[in-house]
Every structure is written in C-alpha cells, then in structure tokens.
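Presented below is the structure to which this report refers.
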Amino acid sequence: MIWCVEDDESIRDIELYSLGMTGFEAKGFADGRSFFAALEKERPDLILLDIMLPEMDGMEILQRLKSDKKTADIPVIMATAKGTEYEKVRSLDIGADDHLVKPFGMMEMISRVKAVLRRCSKAEDRVLLKAGGILLNTEDRTVFADGVRVELTLKEFELLRLFLERPGVAYSREQLFLKVWGNNFVGETRTLDMHIRTLRLKLGRYGDMIETVRGVGYRLEENL
C-alpha cells in the first residue's frame, strides 16, 4: 500500500491512478491531519510526501514519522520543488529515502517507488550481506574480505551492516549517529569520521567502496 500526501487534488488523483494502473494499492491524503488519523489504524508500505502542505508541512510530518519507533522504518519519498537543494539535504538528514523534483513524470515516480521498496524490503532479515569481495554474516556477526576474516568493533560492524543493507543510499551524518549510536550519544562529532576511517582501513582495497558524500554523509558503492 502506497500513501500519497498531496494537497493538490489533481496531482494526487494522477498519482493514485498511475500507481493503481501499475498494480499498487494506493490511498491519498490532502493534509497531515487526515494522514496521521489513518496511520493510527493501518500502516503503508511507502509514503510519497509533498513538502508544501497546509497547516503541517512535509518536513514536520517526516520529522514526526522518523522520531516515532513505530513508523521510523516506513520508507518515505519526498516531493520537492525544483531548485530547493536545502530541502533535499534537510530531508535526508531527517531520514527521507529518496526525492522527486516537481514537476515529475508518472513513470519516474513509479520507478523510484519500486526502487525504494526493493532497497527497503526486509533487508534486516537477511543473514548474508555481500558487496564486492565483502561478506557480512548478521547471525554470527562475522565479516570477510576476499575470504579473509576482518575483525571489527561493534560500531564498525553496525556501520558496515547499514551500508551493505542499502548500497548506493547516502546516509546523512545524523542518520548514522542515530542508527548506530542512538539518541543518547554524547561525544565529539569526529567520532563518526574516525570510525569510518578505521573501517576503510580494515576493509583494505574495499575500503574505497565507502564514499564521502559532500554536505551529506557517507554511502557504499558496489562498483569498485
């Protein structure tokens, strides 16, 4: 089930029609109030969320979703206006999974919805995660690079696990701190950079797969 939060009725109707024609169940909401009322009764597989909304804007809705453990893992694609780079970075920091820049075509929308659903589909349930010559076993918490055991600390392991679960996705620094260190972390912001540096070193030639994304954070690219 895909939920579309869009106050423009004509755009919302096109989104729902396009999703329905490609086999998705979809529901539309004109504002945050009706959206959260529905969320109390059921849960969508993905949310397509417009930023410009009446009363409660998309950023506020996203913040509320990602700060609640019950809804934090629901994938969200933000619809932003052309040329609003700040909004893209800010929504990534909060936890958005992807963006669509208005005006966008329906085929692009469907493609991005499918891509995000693939990336987010039960990644946490997989035992073996692979990329290049890296093999991570989530069950016995071991990591191998080209068949050679790599000894990682707890935080290094969790960082690598996040990257391998969703290769190609840029995690903001805030997201990585929240997911690996938790809400109660107290310390220097350089802690993350130090862990990334040692993780890269331990992975040897595969360390270059962990890329720095300027102004955002880090991601893992499988093409070495």
For the range 150-163, enumerate the residues that are of a type in the set (Asp, Glu) and not in a helix (DSSP H, G or I). GLU151
Mind listing whichever residues of the range 4-21 are surrounded by 14 or more Cβ atoms within 10 Å (Cβ to Cβ) and among the polar types (S, T, N, Q)? SER18
Are any of the residues in the range 86-98 more than 23 Å from LEU176 (Cβ to Cβ) and out of contact with any Asp or Glu (no Cβ under 6 Å at 6 or more places or on another chain)? no
Across the range 125-149, what is the number of residues that are part of a loop (DSSP other than H, G, I, E, B) and on the phi < 0 side of the Ramachandran plot? 6
Of the residues in the range 57-103 that are in a helix (DSSP H, G or I) and of a type in the set (Lys, Arg), the one that is surrounded by the most Cβ atoms within 10 Å (Cβ to Cβ) is LYS66
Report yes if GLU42 is open to solvent by 50 Å² or more (accessible area, probe 1.4 Å), at positive phi and outside any helix (DSSP H, G or I), otherwise no. no
Lone unmet requirement of (1) modelled with pLDDT of 90 or more; (2) touching a strand residue (DSSP E or B) at 6+ places or on another chain (Cβ under 8 Å); (3) of a type in the set (A, V, I, L, M) for VAL127: (1)
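The values are calculated or read from the model by the stated rules, or taken from the named source; none is laboratory data. What you see is a predicted model, and the numbers here were worked out from it, not measured in a lab. Heads up, the Cβs are rebuilt from the backbone with ideal geometry, glycines too, and the neighbour counts pull from every protein chain shown. Side chains are part of the model used for accessible areas, which takes the heavy atoms of the whole protein and leaves out ligands, DNA and RNA. Shrake-Rupley method; radii C 1.70, N 1.55, O 1.52, S 1.80 Å.
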